[in-house]
Amino acid sequence: MSETKWLRASARNDEIGVDRENEILKGFVVVEQGVIKGDHDGEFDGAALKSVVKLMKADPLGIKSRFSHPTLSSDGLGKFLGRAKNPRMSTVNGDIPAVRADLHIDPTSHTTPAGDLGGYVLDLADSDPAAMSSSMVLKSDREFRIDKKGRRILDDNGVELPPLWRPTALHATDIVDDGAAVGSLLAASVDESKLPDAVAREGCAMLDSHFADCGPGYIREHCTQWLEKYLSWRFGQDAQVPVPEPKVDPEPSYDPDRDPEVLRRKRVNGLAE
């Protein structure tokens, strides 16, 4: 009997784990926000992550994925694993922005010259996902951070901040031992059930599901009716007591003679007393 194992499932349907039945590696980390490790001089910020999502969505087939990067002696033929699809913004370790996608394992990955690579990746992801990572093969421009005088911005230690990478083309996202912009392949996302606004998030998710094709007027009317029924059920007659409107202090009238900007302009023009 096939079994699907999830590391996490949330109201946003951002599953992370191994879907054995459909042979999909759900929610693997494509890239994390932050400084790129190793000898790469650069950093991925939020804008870069959004560019990665856009580039991935632009490929209708999905981005190819291989078992490790090609080398000088091998072009990667025979290492094809499948294609990464459904890219989306997410997080790792609770608060680090990241891009996730689903790796759809191709049937040919089970009969490669090197053996059952697809099965090995699924097995290892199931057993020890921290033992794997992913790494993008991409083209990118570099944006140096400069101040108003055109000088490179330095950190607290006097070292130049690394340039921001601006991805322009994405060729592959390969499964590797240690990725330059990814930690664990299936790093846990934020546990929304433990957030301070968890109840509000769950409520919004239910409303999104129930009123998926409805406009704001329809939603407001039906939610108001439901709220009145709930209050009546919970508080009985007390629910009928009108709540007084909050008192709001009137806004002060505008006096141009007291406007700081007007006074500043008068001083500049030599008109102030």
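Determine, yes or no, whether residue 8 is within 17 Å of the chain's Cα centre (by Cα), exposed (fewer than 15 other Cβ atoms within 10 Å of the Cβ) and modelled with pLDDT under 95. No: the conditions fail for residue 8. Tallying residues that are over 26 Å from residue 77 (Cα atoms) and polar (S, T, N, Q) within segment 127-186 yields 2.
Taken over segment 53-71, the residue count meeting the criterion of being in contact (Cβ under 8 Å) with a residue 60 or more places away in the chain and either part of a helix (DSSP H, G or I) or among the aromatic types (Phe, Trp, Tyr) (or both) is 3.
Here residue 40 clears all of (1) at pLDDT 90 or above; (2) under 18 Å from residue 167 (Cα atoms) except the condition numbered (1). Here is the figure for segment 80-124: residues that are of a type in the set (Gly, Ala, Ser), surrounded by fewer than 23 Cβ atoms within 10 Å (Cβ to Cβ), touching a residue at least 24 places away in the same chain (Cβ under 8 Å) and more than 22 Å from residue 44 (Cα to Cα) total 1. The set of residues in segment 125-150 that are assigned to a helix (DSSP H, G or I) and closer than 23 Å to residue 40 by Cα comprises 130, 131.
Please tell me if residue 74 is free of Cβ contacts under 8 Å to residues at least 60 places away in the same chain and over 26 Å from the mean Cα position of the chain (by Cα). So residue 74 fits the description; yes. Do the conditions hold for residue 167, that is, is it surrounded by 16 or more Cβ atoms within 10 Å (Cβ to Cβ), in contact with a strand residue (DSSP E or B) (Cβ under 9 Å, 6 or more places away or on another chain) and in a loop (DSSP other than H, G, I, E, B)? No. Within segment 125-152, residues that are under 13 Å from residue 177 (Cα atoms) reach partners that are surrounded by fewer than 11 Cβ atoms within 10 Å (Cβ to Cβ) with beta carbons closer than 9 Å, at six or more positions or on different chains, in the pairs 131/177; 132/177; 133/177. Hey, can you tell me all the residues within segment 27-69 that are under 17 Å from residue 83 (Cβ atoms), among the hydroxyl-bearing types (Ser, Thr, Tyr) and buried (at least 17 other Cβ atoms within 10 Å of the Cβ)? Within segment 27-69, just 65 meets the criteria.
The values are calculated or read from the model by the stated rules, or taken from the named source; none is laboratory data. Everything quoted here is computed from the prediction, not taken from an experiment. Don't worry about glycine lacking a Cβ; one is built from the backbone with ideal geometry, like all the others, and counts go over all protein chains shown.
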